[in-house]
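Reviewing the structure listed below.
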Amino acid sequence: MSGTERLLKLLSLADQGPVMRAALAEEVAELLTDWPADCPMEMRGACEALLARAAREVDDASRARLRIRLFADPALCTRVLPREGQDKALVDVARAGEPLVPRMARSLGVCENLANDILQDVSGHALAVAAKAMGLNRAALSTLALLAQPRGDLKACYERLDAFDAISAAEASREMRRWSDQQAA
């Protein structure tokens, strides 16, 4: 499908109202992350604005999937999906002793079973992937790791931080997409 045909498809989705917002957002995100050579560059700004608007109108799970899809391009992700204090919100939930699994599942757009598996991963790799995919900072990951698995082992804490430092945002995004796809299957 040519770039122009894709743009026309997006406009038709936009005209179908709120029911199609998630599909529209996903299509526009895909278009922006892999901009076709035959699409005029002048249309990027309009597509970004359309994605930002659609992203405000979708549910948390759809917004989480968009964030994961766009995290490979941090500047674009920041422009169309501004952070809403996710670091602070997750840390506050953990510090208050409230269940972290439901909040983590909503933030990632995954089922609670997968969110629980991520939090219980002893190696810390899964939590590092999830944190990078959500765009959490290192301090938030450190706090979550300590509160989710308070083992009192300083070496284990540093290993979890090393796992976070070792993975790139793009790798984390790909791994989260793979987990989401496996969950959907």
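Take Leu127 and decide whether it is farther than 30 Å from Ala46 by Cβ, free of Cβ contacts under 8 Å to residues at least 40 places away in the same chain and in contact with a helix residue (DSSP H, G or I) (Cβ under 8 Å, 6 or more places away or on another chain). Yes, satisfied.
Among the residues making up the range 8-44, those that are outside any loop (DSSP other than H, G, I, E, B) and either open to solvent by 90 Å² or more (accessible area, probe 1.4 Å) or of a type in the set (Gly, Ala, Ser) (or both) are Leu8, Leu11, Ser12, Ala14, Pro18, Val19, Ala22, Ala23, Ala25, Ala29. Applying the condition of being under 15 Å from the mean Cα position of the chain (by Cα), among the hydrophobic types (A, V, I, L, M, F, W, C) and within 15 Å of Ala94 (Cβ to Cβ) to the range 109-140 and asking which residue is modelled with the lowest pLDDT yields Met134.
In the set Val101, Val122, only one residue is in contact with a helix residue (DSSP H, G or I) (Cβ under 9 Å, 6 or more places away or on another chain), open to solvent by 20 Å² or more (accessible area, probe 1.4 Å), β-branched (Val, Ile, Thr) and closer than 18 Å to Ala61 by Cβ; that residue is Val101. Of all residues in the range 45-77, those being closer than 22 Å to Ser180 by Cβ, open to solvent by 70 Å² or more (accessible area, probe 1.4 Å) and either in a helix (DSSP H, G or I) or basic (Lys, Arg) (or both) number 4.
Within the range 35-73, if we keep just the residues that are modelled with pLDDT of 85 or more and of a type in the set (Asp, Glu), the residue that is nearest to the chain's Cα centre (by Cα) turns out to be Glu48.
The values are calculated or read from the model by the stated rules, or taken from the named source; none is laboratory data. Small disclaimer: the values here were computed from a predicted structure and weren't measured. In this analysis, Cβ positions are derived from the backbone assuming ideal geometry, glycine residues included, and neighbour counts consider all displayed protein chains. We work out accessible area using only protein heavy atoms, side chains counted, and drop any ligands, DNA or RNA first. Shrake-Rupley method; radii C 1.70, N 1.55, O 1.52, S 1.80 Å.
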